[in-house]
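Note sheet for the following structure.
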Amino acid sequence: MNIKLAFLGAARNVTGSRCRVEANDVRLLVDCGLYQERAFKSRNWDPFPVAPDTLDAVLLTHAHLDHSGLLPKLVREGFRGRIYCTDATAKIAQIALADSAKIQEEDAEFKRKRHEKEGRKGPYPEIPLYTTDDAKACLPLFSPVPYGKPAQIGDGIQATFHNAGHIFGSSMIKVEVKQNGQKRTLLFSGDVGRWDKPILQDPALFKEADYVLVESTYGNRVHDNSGAIGAQLADVINSTVEAGGNIVVPSFAIERAQEVLYHINNLLIEDRIPHLMVFVDSPMAVNVTEVFKDHPDLFDEEMTEIVRQGRSPFDFPSLHMVKTADESKAINRIIGTAMIIAGSGMCTGGRVKYHLVANISRPESTILFVGYQAVGTLGRQIIDGAKEVRILGRKYPVRARVVQIHGFSGHADRDELFRWLSALQRPPRRLFVVHGEAEAACQFADFISEKTGWNTSVPHYGEEVILD
Ligand SMILES: [Zn+2]
């Protein structure tokens, strides 16, 4: 057997997922992600380590930009093959790539103006990494495949997508290579989801694979699952209603916003909160929610039952999907408590900034965080207890209550990753630990070797291996 594997991203770091597979004269990429960590962003501007026009296909695990966000650049530089993924991933990726292109364009313009004013040059060119047109050019290449049905990628190469339980439409991909009457299977975990997450089905399990690439974002941590999300949410909503303020929820548009709606809907059904107005004020979250509604086949049992009873979390009576900027502005004229779910998730842009301006200095309002806030973001400043913050060029005192609910993570922790690997009934020939910071990845690799004795390694960026 001769299968070549090259680790071209998310190797001892967590973004920029990209792996090249070569066998039987077929060349493919598994994921084509954007680098989002500051230390690695310059790699987004590097030439592709594999000529895009020599690639036959991309297999895409899911729509998050750290897995899909360099596709427009790949296509602009000559890739003409197919992009295989589930239908839901194709639809969400198109929304995410269009949004990403817009941000790239705005960023480039902003930097150009700033550098001009300051009379200096930045580390990267002041042009967008890719444009809206580049993102649009990806659309015809998406080739949706259903879960569980093998797709023929090339001579003797098949790929089968399985539910990863991470975000809507997310996949683990099993690639089967046949050569000279022999067969090997490569299993790509993508991002491993969690069991019993709202809306989503559980991660698929595999009995065997010859080579496994497993993510390790939380490979050295165990999630704290002690506080039930519903109870914490009910508490925040009831106390803010009593105080007479609004609840502003900065949220990611993919999965997190829909998950928050799921919990609110349950609290309404169980009569644990009053019927307050809930607004989703993010064009991207509204569009992604439409993809959810189009794919009831992907719901788990509980969600299917709720929808069957006519009580969908995406349709409850006091829910408003905000479409226009005028509607968005009107929210802040409402008397009484409103809950406003808006992007961006870390308050770095988007409509949430206007809602923060209107609420952050009101002691009766609450700013509710439901996701990770990276160092250096406005969201992180607020969580860290800043007394005053700058939003849209003006300073505002922070007088609103600030609350963070943990437990929304979409990534398996160390024990859940081990549970996923433990389904394998025979040891893989080799296990590669990827998609984790060096420390998390190495500690997870050690943990697995100790528990199982498997041949485990943590590849470096650019490393190539030959699989026999
Ligand atoms: Zn992801």
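When the range 152-171 is filtered for residues that are more than 16 Å from the ligand (Cβ to nearest atom) and part of a loop (DSSP other than H, G, I, E, B), the ones remaining, listed by number, are D155, G156. Taken as a whole, the structure leaves H62 outside the set of residues that are assigned to a helix (DSSP H, G or I), within 30 Å of Q179 (Cα to Cα) and within 16 Å of the ligand (Cβ to nearest atom). For the residues L97, L65, the requirement of being within 29 Å of H162 (Cα to Cα), among the hydrophobic types (A, V, I, L, M, F, W, C) and open to solvent by 10 Å² or more (accessible area, probe 1.4 Å) singles out L65.
Between residues in the range 116-131 that are touching a residue at least 60 places away in the same chain (Cβ under 8 Å) and residues that are loosely packed, with under 14 Cβ neighbours inside 10 Å, which pairs lie under 6 Å by C-beta distance while being six or more apart or on different chains? Within 6 Å, the pairs are Y124/W45. Considering E37, E77, the condition of being surrounded by fewer than 18 Cβ atoms within 10 Å (Cβ to Cβ) and within 16 Å of the ligand (Cβ to nearest atom) is satisfied by E37 alone. Under the condition of being part of a strand (DSSP E or B) and touching a helix residue (DSSP H, G or I) at 6+ places or on another chain (Cβ under 8 Å), which residue from the range 80-102 is nearest to the ligand (Cβ to nearest atom)? The residue in question is C85.
Specify which of the listed residues (A96, A88, A57) is touching a His at 6+ places or on another chain (Cβ under 6 Å) and in contact (Cβ under 8 Å) with a residue 60 or more places away in the chain.
Of A96, A88, A57, the one residue that is touching a His at 6+ places or on another chain (Cβ under 6 Å) and in contact (Cβ under 8 Å) with a residue 60 or more places away in the chain is A88.
A quick yes/no check of all residues on (1) part of a helix (DSSP H, G or I); (2) open to solvent by less than 80 Å² (accessible area, probe 1.4 Å); (3) within 16 Å of the ligand (Cβ to nearest atom):
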position	(1), (2), (3)
H411	no, yes, yes
E416	yes, yes, yes
W420	yes, yes, yes
F432	no, yes, no
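Taking every residue in the range 327-349 that is closer than 13 Å to M277 by Cα and pairing it with any residue that is of a type in the set (S, T, Y), at least 6 positions away or on another chain, the pairs with Cβ-Cβ distances below 7 Å are T337/T240; I341/S251. Listed by position, the strands (runs of 3 or more DSSP E) inside the range 285-397 whose residues that are on the phi > 0 side of the Ramachandran plot number at least 1 form an empty set.
The values are calculated or read from the model by the stated rules, or taken from the named source; none is laboratory data. Bear in mind that the values here come from a model prediction, so they are computed numbers and not experimental data. For neighbour counting, all protein chains shown are included, and Cβ atoms are generated from backbone atoms with ideal geometry for every residue, glycine included. Just so you know, the surface numbers come from the protein's heavy atoms only, side chains and all, with ligands and any DNA or RNA stripped out. Shrake-Rupley method; radii C 1.70, N 1.55, O 1.52, S 1.80 Å.
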